[in-house]
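The values are calculated or read from the model by the stated rules, or taken from the named source; none is laboratory data. Everything numeric in this text was worked out from a predicted model, so none of it was measured. Cβ: placed from backbone, ideal geometry, glycine included. Neighbour counts: every protein chain shown.
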Amino acid sequence: MNGASGGHRLVELSHVIHDGMVTLPGWPAPRVSEWLTREASRANYAPGTEFQVGRIDMIANTGTYVDTPSHRFAGEADLAEVPLDRLADLPGVVVRVPSGTRALERQMLAPYDVTGKAVLLHTGWDAHFGTPRYGAPEAPHLTGDAARALAEAGAALVGIDSVNIDDMSPAANGERPAHSILLAAGIPIVEHLTGLDALPPAGFRFTAAPPRVAGMGTFPVRAFAVIDTGRPQ
């Protein structure tokens, strides 16, 4: 749901996490339950007072999530160590990927000023989220050369609305050049974004901040954009 207040509009860019959802085909789904029910809590409080405490069991790669350098490289910055200025209130730019494009190449990035920005790759593949096609070999991805261009230009963060920023087809032979190049440069990656069609090409701020969990390299985020509605788009 989007909202507006005080000359700004908020745009939701995250998938909802719910019990049994499938993010990556073949990977475990989250289990959402209750650790303390409202009924059970009544024994602990005054009459008319009750609380619910939920529980979720999930792998870190669930829903819309961020990859930090330690996801790929041992000893590098994890969720607790990546600075907030790489995750929150970043100026953003949307790269519109033509429909049917499978590999986003370096030349497609040439028209965009990405320095110091959250670069969001809008492929439209989020339309297949939760279906078998989402993980299909033809899912759009970023090439290693394009990732190198983003790193060289000093992008602050890179996000995509596809199943993976890398090619997951058998032809890739398990190589993950986009992850390797971006995370080696300290550039966080946000995967499984949604709703990028609602954003202007630029002129917005982007946030995708996870909890500060030491020792973990990935975790779900509440990704969103703030658009200045008083600014011409």
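Among the residues of region 60-68, is any closer than 30 Å to Asp113 by Cα and touching a helix residue (DSSP H, G or I) at 6+ places or on another chain (Cβ under 8 Å)? Taking every residue of region 60-68 in turn, at least one turns out to be closer than 30 Å to Asp113 by Cα and touching a helix residue (DSSP H, G or I) at 6+ places or on another chain (Cβ under 8 Å).
Pairs linking a residue in region 50-64 that is among the acidic types (Asp, Glu) to a residue that is surrounded by 12 or more Cβ atoms within 10 Å (Cβ to Cβ) and part of a loop (DSSP other than H, G, I, E, B), with Cβ atoms under 7 Å and 6 or more positions apart or on different chains, are Asp57/Pro30.
One residue alone among Ala60, Ala46 is assigned to a loop (DSSP other than H, G, I, E, B), of a type in the set (A, V, I, L, M) and farther than 27 Å from Ile165 by Cα, and that residue is Ala46.
Would you be able to say whether some residue in region 129-139 is assigned to a helix (DSSP H, G or I), farther than 18 Å from Arg72 by Cα and free of Cβ contacts under 8 Å to residues at least 40 places away in the same chain? Give the steps one after another, and end with the answer.
Quick first cut of region 129-139, residues assigned to a helix (DSSP H, G or I) only: 132-135.
With the extra rule that they be farther than 18 Å from Arg72 by Cα, the set shrinks to 132-135.
Those left that are additionally free of Cβ contacts under 8 Å to residues at least 40 places away in the same chain: 133.
Scanning region 129-139 turns up at least one residue that is assigned to a helix (DSSP H, G or I), farther than 18 Å from Arg72 by Cα and free of Cβ contacts under 8 Å to residues at least 40 places away in the same chain.
Scanning region 101-124 turns up one or more residues that are over 20 Å from Ala155 (Cβ atoms) and within 15 Å of the chain's Cα centre (by Cα). Scanning region 10-31 for residues that are in contact with a strand residue (DSSP E or B) (Cβ under 8 Å, 6 or more places away or on another chain), in contact (Cβ under 8 Å) with a residue 24 or more places away in the chain and farther than 30 Å from Arg205 by Cβ turns up just one, Arg31.
Do we find a residue being assigned to a strand (DSSP E or B) and touching a helix residue (DSSP H, G or I) at 6+ places or on another chain (Cβ under 7 Å) anywhere in region 165-188?
Quick first cut of region 165-188, residues assigned to a strand (DSSP E or B) only: none.
No, region 165-188 contains no residue that is assigned to a strand (DSSP E or B) and touching a helix residue (DSSP H, G or I) at 6+ places or on another chain (Cβ under 7 Å).
Of all residues in region 68-113, those that are of a type outside the set (S, T, N, Q), buried (at least 21 other Cβ atoms within 10 Å of the Cβ) and outside any helix (DSSP H, G or I) total 10. Give me a count of the residues in region 118-128 that are buried (at least 21 other Cβ atoms within 10 Å of the Cβ) and in contact (Cβ under 8 Å) with a residue 40 or more places away in the chain. Qualifying residue count, region 118-128: 6. If the condition is being modelled with pLDDT under 95 and buried (at least 18 other Cβ atoms within 10 Å of the Cβ), then region 169-195 contributes no residue at all. Being surrounded by fewer than 20 Cβ atoms within 10 Å (Cβ to Cβ) and more than 21 Å from Met58 (Cβ to Cβ) is a condition met by at least one residue of region 154-166.
For region 52-80, the set of residues classified as of a type in the set (A, V, I, L, M) and within 16 Å of the chain's Cα centre (by Cα) consists of Ile59, Ala60, Val66, Leu79, listed by residue number. Tallying residues that are closer than 16 Å to Arg72 by Cα and touching a residue at least 40 places away in the same chain (Cβ under 8 Å) within region 168-212 yields 11. When restricted to residues that are surrounded by fewer than 19 Cβ atoms within 10 Å (Cβ to Cβ) and in a loop (DSSP other than H, G, I, E, B), region 210-233 contains 12.
For region 4-11, the criterion of being part of a loop (DSSP other than H, G, I, E, B) and either over 25 Å from Gly215 (Cα atoms) or in contact with a helix residue (DSSP H, G or I) (Cβ under 8 Å, 6 or more places away or on another chain) (or both) is met by at least one residue.
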